[in-house]
Structure formats: C-alpha cells, structure tokens
1. Mind pulling the angle between the C-alpha long axis of helix 52-62 and the longest principal axis of the chain? Nearest 10 degrees, somewhere in 0 to 90.
2. Can you tell which of 85, 166, 114 shows the greatest fluctuation in a Gaussian network model of the chain with Cα springs below 10 Å?
3. At 0.36 nm per residue, minus the direct Cα-Cα distance, what do residue 85 and residue 148 gain on full extension? Give it in nm, one decimal, please.
4. Please build a GNM for the chain, connecting alpha carbons under 10 Å apart, and tell me which residue among 61, 13, 150 fluctuates the most.
5. Counting only protein heavy atoms and using a 1.4 Å probe, what share of the accessible area of the chain belongs to carbon plus sulfur, as a whole percent?
6. Just one of (1) -0.45, -0.74, -1.02; (2) -0.40, -0.62, -0.90; (3) -0.31, -0.55, -0.89 is log10 I(q)/I(0) by the Debye sum over Cα atoms at q = 0.09, 0.12, 0.15 Å⁻¹ calculated from these coordinates, so which is it?
7. Calculated FRET efficiency, residue 11 and residue 31, Cβ-Cβ r, R0 30 Å, to nearest 0.05?
8. Hey, can you find the accessible area per residue of the chain for me, probe 1.4 Å, expressed in square angstrom?
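The values are calculated or read from the model by the stated rules, or taken from the named source; none is laboratory data. What you see is a predicted model; the values in this text were computed from it and never measured. Cβ: placed from backbone, ideal geometry, glycine included. Neighbour counts: every protein chain shown. Keep in mind that these areas ignore ligands, DNA and RNA; they rest on the heavy atoms of the full protein, side chains included. Shrake-Rupley method; radii C 1.70, N 1.55, O 1.52, S 1.80 Å.
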Amino acid sequence: MKSRQKKRWFALVLLLLVLLLFYRSQWLGRLIYPILYREEIEQAAAEAQLDPRLIAAVIRVETNYRPSAESGKGAVGIMQVMPLTAKSILQERRFEGLTLQEMEQPEVNIRVGTAYLSTLLRMYNQDLVKALASYNAGPGNVNEWLENGVWDGRLESADRIPFWETSRYVRMVMYYYHKYQELYDYAEQQPEEAPEAASL
C-alpha cells in the first residue's frame, strides 16, 4: 500500500516538475524573445489582417524595437520605412490625420510599415518570402531577380539573392517569426502558413 502511495507521489512530483520546466522555458523564451509595443503591433496587424508575430519579427530585425534607429539609406522609424514609400501608403490607405512628420512615432510607423507589408503580400500572392525580400530590397530588384532566374523566390535558396543584406534579412525575419510562433499565441494568423525557418 505504501509502495503504491510512494509511486503516486513520485508521479505527481514528476508531473509538477515537467509542468514547471515547461512554464519556465516559455517564460525564459519570452524573456529572450520579447515583443515590445504589443498594443500598437496588434492594432496594426488587425487592420491589415496579418499575424502580429510577423510584424514583431520584422521590427526585431529592422531596429530591435528602437524607434530612433537611423538608416544610411534614409529609412525612418521602428519599421524602417522609406519616406517615399510612407507617402505612397498614406495616400493609398487614406490614413486620416497621419503625416510624414509623424513617421518617427512608433504607433504611426508600425501602422504604415504593416500596411506596406500587407501591400507586398498581395503583390506576391501572399508569398511571405518574396514579400520580405521586397520589403528590404524593393519590388523592382526582387522582380528583376525572379524574372531573370537569379533567385526562385524560395527561402531554401535565399543565399542566391544578390544582396547579402537581403538574403540575411529574409532568413532572420523568418527565424524570429518562427520563434514568436513558438512562444506567443494569437488568434490572428498569416493568410498562408509560413515556411520553416532556415538555419542561419
């Protein structure tokens, strides 16, 4: 009888330890891979019908959540949006009351950057890898690579992208997106399931 009780207690303690380790691993993972500006990201993602974890991954790679990050190419804000792109998106989406002067504010930049990513996803029929490459290198370059057979648009062949920065960018965003999918639960899902993140 005592032997059975000991086994039950042992099983219970073991179960508690497993649950504790799982909880701590989730907690530790979120500590290592935090999502800052969650409210702003969730609002912008809801407007664009995108997965908030995708937006967070883009921000993580672009600026690591630093709104004051500067780009040598002139991109501004937490999602590093080019001024001409921002102007186009503001006009296209008719964001009332938003101006280019406000693009350094995280909530405005996240809205505009997310809307731009949504536009690129539509342009590439929800192909996330091509859209991300285009977000970094511009649609003109990506279309040229695809048309000339330089790159086939797949994550697995991202090393064939002529711009090393863009090649690394695509793989990094997919890596963080995968991590955020593991650690954070959201009802919102990207229109098409993301491919597995490639090793860096």
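1. 70 degrees
2. Most flexible of the set in this elastic network: 85.
3. Values: separation 63, 0.36 × 63 = 22.68 nm, distance 2.51 nm.
Using 0.36 nm per residue and subtracting the Cα-Cα distance, I get 20.2 nm.
4. Ranking 61, 13, 150 by mean-square fluctuation puts 13 first.
5. Result for the chain: 53 percent of the exposed heavy-atom area is carbon or sulfur.
6. (2)
7. Once the sixth-power term is evaluated, E becomes 0.50.
8. Heavy-atom SASA per residue in the chain reads 59 Å².
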